[in-house]
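Got a structure for you, questions after.
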Amino acid sequence: MSVASTLDLKNSLLASLMSDENFRPEEPRSLEETRLSPQLIESLICKLLLNIGSASGRQIAEKICLPFGILESLFTSLRTRQILQHTGSAALNDYTYALTDQGRTRAQSYMASCTYFGAAPVILEDYITSVEAQSIRNESPQREQLEEAFAGLSVDDDLFDNLGPAVNSGAGLFLYGAPGNGKTTLAKRITACYGQHIWIPRTIIEDGQYVKLFDTVYHEVIEEAHSTILKSESYDHRWVKIRRPTVIVGGELTLDSLEIRHDVINNIGEASLQMKSNCGCLLIDDFGRQRMEPTQLLNRWIVPLENRVDYQALANGKKIQVPFEQLIIFSTNLEPKDLTDDAFLRRIPYKIEVRDAQLDEFRTLFRIFAKQLNFEYNADAVEHLIERHYQPVNRPMRRCQPRDLLSQIRNYCLYKGVPMEMKPEYFDRVVKSYFTVVAGD
């Protein structure tokens with residue numbers, strides 16, 4: 001074995017030992033390793049240059065997220081066929097390229113078929129492999145991970161013990177109970193119980209159809225540190241390293257958003273919400289208040305929940321099988337049994353009630369939010385609030401109320417130009433307006 005080969009092997013082994021990743025997209029070393037046709041890559045180059053005019057070979061490679069080294073032979077071929085031309089020299093033995101008249105005609109033809117250009121896509125098969133490797137079902141969060149994920153929240157032991165098995169199952173759960181008790185907040189934190197990050201492709205291709213997966217609304221990018229020591233730390237730039245996603249949808253949810261949405265003008269697909277949430281969590285907030293009937297959603301998902309796969313239609317009518325690998329969380333103010341039937345409830349095995357706060361927890365919540373809002377905690381003022389405005393009328397102690405009441409006191413103090421303090425008379429003032437709006441408390 002050569003010295004270079006030995007060094008590469010050592011670097012590879014060292015990188016593996018230092019990494020806690022179950023999946024990492026390796027940088028392709030040839031066009032064949034991308035598993036994309038040369039014509040597809042040619043179309044991306046032509047459409048890119050049609051839009052930006054000219055660019056160096058390395059700039060083109062960066063835009064389509066492929067290594068410059070594997071594109072050099074393609075640049076030569078495109079120039080030989082008079083599709084590209086040199087318009088000048090660039091650094092590092094590179095050239096600046098532009099389209100010829102023939103190349104412009106070809107680029108316009110590519111554009112008429114599909115306007116997508118940018119990062120080269122990843123084939124569907126590779127995406128499926130990545131989801132299987134990074135699934136939350138491969139994780140086994142313990143109590144320690146839950147406590148870390150819920151840091152700063154008041155969560156009692158019973159709720160921890162109920163949430164723990166549900167999080168480990170990855171099978172889905174209902175969080176139900178009265179409004180204002182933190183169901184949505186809990187659901188948002190659950191994703192943090194699993195591994196911190198995953199890799200997803202920017203765009204997927206199947207049967208010539210582009211489907212955009214990466215979405216900045218739901219996907220938070222984690223920047224890769226570029227090491228000069230380990231060459232093996234390089235990766236395929238068609239992929240993005242993100243935090244495990246938490247996709248949250250509420251009353252705006254429709255059946256259309258659960259399918260690949262096709263832009264008929266540009267001939268580009270947009271991944272469904274469940275695809276965007278793969279390897280993370282999908283929270284259906286305020287379930288039962290959507291514009292569609294709950295039974296429509298439940299009927300759409302009853303098979304995917306059972307088999308962990310979903311079937312989506314491409315623009316050309318072809319049905320594809322994609323992973324359904326996320327923790328589905330239904331957050332609702334209603335009883336689950338009032339929303340759906342036994343067949344669906346069986347597929348969502350965990351139903352966890354988030355109850356009102358008890359007295360000691362209510363006091364603790366005031367301490368937490370007093371610190372967050374820069375108040376000096378005043379235990380006497382809190383006792384005054386409880387004894388005067390809660391206990392005489394048997395008012396439920398909702399977990400959102402300490403934050404909301406202190407926020408109103410803060411706003412009052414800022415308006416009056418007085419020090420921010422937790423005074424009994426301030427609580428008396430804000431209670432009138434707050435509980436007039438929050439009817440039924």
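Just so it is clear, none of the values below were taken in a lab; they were calculated from the coordinates. As the structure is a prediction and not an experimental result, all values here were calculated from the model. Every residue, glycine as well, gets a Cβ built from its backbone with ideal geometry; the counts of neighbours run over all protein chains shown.
Only four residue types carry charge here, +1 at the Cβ of Lys and Arg and -1 at the Cβ of Asp and Glu. Report the dipole size of region 237-311 about the Cα centre in Debye, rounded to the nearest 20.
Rounded to the nearest 20 debye, it is 440 debye.
Enumerate by residue number the GluC sites (Glu not before Pro) in region 332-441 meeting two conditions: DSSP loop (anything except H, G, I, E, B), and at most 15 other Cβ atoms within 10 Å of the site's Cβ.
Glu376, Glu421
Let me ask you something else. Hey, which lysines would be in cross-link range of Lys423, C-alpha to C-alpha under 26 Å, not counting anything within fewer than 8 residues on its own chain?
Counting by Cα, and skipping residues close in sequence, Lys423 has these lysines nearby: Lys371, Lys432.
Turning to a different aspect of this structure: Could you give each residue of region 237-248 its phi-based ³J(HN,Hα) in whole Hz, using Karplus coefficients 6.51, -1.76, 1.60 with θ = phi - 60°, and x for Gly or Pro?
6, 6, 9, 10, 8, 10, 5, 3, x, 10, 9, 10
In square nanometres, what is one fourth of the surface area of the convex hull spanned by the alpha carbons of region 368-429?
4.0 nm²
Starting from the eigenvalues of the Cα gyration tensor, five times each then square-rooted, give me the equivalent ellipsoid semi-axes of region 312-441, largest first, whole Å.
They are 43, 20, 14 Å, listed from largest to smallest.
Still on this structure, please answer the following. Using 7 Å Cα-to-Cβ label points, what is the Arg308/Glu32 separation (nm, one decimal)?
3.4 nm
Quick check: the angle from helix 38-52's long axis to the longest principal axis of the chain, C-alpha only, nearest 10 degrees?
70 degrees
Loop only by DSSP, 12 or fewer other Cβ within 10 Å of the Cβ. Give me the trypsin sites (Lys or Arg not before Pro) in region 229-293 that pass, ordered by residue number.
Here the sparse-neighbourhood loop sites are Arg291.
Exactly which trypsin sites (Lys or Arg not before Pro) in region 323-362 are in a DSSP loop and have at most 16 other Cβ atoms within 10 Å?
Here the trypsin sites (Lys or Arg not before Pro) that fit, given the DSSP loop and packing criteria, are Arg355.
Using the crude model of +1 on Lys and Arg Cβ and -1 on Asp and Glu Cβ, and no other charge, please compute the dipole size for the chain relative to its Cα centre, in debye to 20.
It comes to approximately 980 debye.
Tell me, what are the semi-axes, in whole angstrom and largest first, of the equivalent ellipsoid of region 46-143 as set by the roots of 5 times the Cα gyration tensor eigenvalues?
Those come to 36, 17, 11 Å.
Would you mind checking Lys183/Lys241; Lys188/Lys276; Lys188/Lys212 for any pair whose Cα atoms are more than 21 angstrom apart?
Lys183/Lys241; Lys188/Lys212
Same structure, new question: Over the alpha carbons of the chain, what is the largest minus smallest coordinate on each principal axis, giving the biggest first in Å?
88, 49, 49
Return the long-range amide H neighbours of Met397 (sequence gap of 5 or more, or a different chain), with a cut-off of under 5 Å between placed amide H atoms.
Hits under the 5 Å cutoff: Ala357.
Given R₀ = 22 Å, what would the calculated FRET efficiency be for Tyr235 paired with Val264, taking r from the Cβ atoms and rounding to 0.05?
After rounding to 0.05, the efficiency reads 0.05.
Extension gain Lys432-Arg79, at 0.36 nm per residue separation less the Cα-Cα distance, in nm?
Going from the current span to full extension adds 119.4 nm.
Please quote Rg/Rh for region 177-304 to two decimal places, taking the Kirkwood radius as Rh and restricting both calculations to Cα atoms.
1.03
Given labels modelled 7 Å from the Cα in the Cβ direction, how far is it in nm from Gln196 to Glu383?
Result: 4.4 nm between the two label points.
Place +1 on the Cβ of every Lys and Arg and -1 on the Cβ of every Asp and Glu in the chain, take the dipole about the Cα centre, and give the residue among Ala120, Ser135, Phe160 whose Cα lies farthest towards its positive end.
After comparing all options, I get Ala120.
Using only Cα atoms, what is the ratio of the radius of gyration of region 293-368 to 2.2 N^0.38 Å?
1.60
Take the chain, connect every pair of alpha-carbon atoms lying under 10 Å apart with a spring to form a Gaussian network, then pick out the residue of Leu253, Leu175, Leu159 with the largest mean-square fluctuation.
Of the options given, Leu159 has the highest mean-square fluctuation.
What does the extension gain come out to for Thr105 and Leu334, with contour length at 0.36 nm per residue minus their alpha carbon separation?
76.5 nm
Using a Gaussian network model of the chain whose springs link C-alpha atoms within less than 10 Å, name the residue from Asp236, Asp356, Asp338 with the highest mean-square fluctuation.
With Cα springs under 10 Å in the chain, the top fluctuation among Asp236, Asp356, Asp338 is at Asp338.
Then there is this: Connecting C-alpha atoms closer than 10 Å in a GNM of the chain, tell me which of Leu334, Leu298, Leu92 has the biggest fluctuation.
Leu92
Karplus couplings for region 96-110 from phi (6.51 cos²θ - 1.76 cosθ + 1.60, θ = phi - 60°), rounded to Hz, Gly and Pro as x?
Each residue's phi maps through the Karplus curve to give 8, 10, 9, 6, 7, 4, 5, x, 5, 4, 5, 4, 5, 5, 4 Hz.
Which whole-number percent is the relative contact order of region 89-191 (Cα, under 8 Å, 6+ apart)?
Across region 89-191, relative contact order equals 22 percent.
Kirkwood Rh and Cα-based Rg: tell me the resulting Rg over Rh for region 239-375, rounded to two decimals.
My calculation of the ratio gives 1.07.
I would also like to ask the following. Expressed in nm to one decimal, what extension gain is obtained for the pair Leu414 and Asp158 from 0.36 nm per residue of sequence separation less their Cα-Cα distance?
Net length gain for the segment: 88.2 nm.
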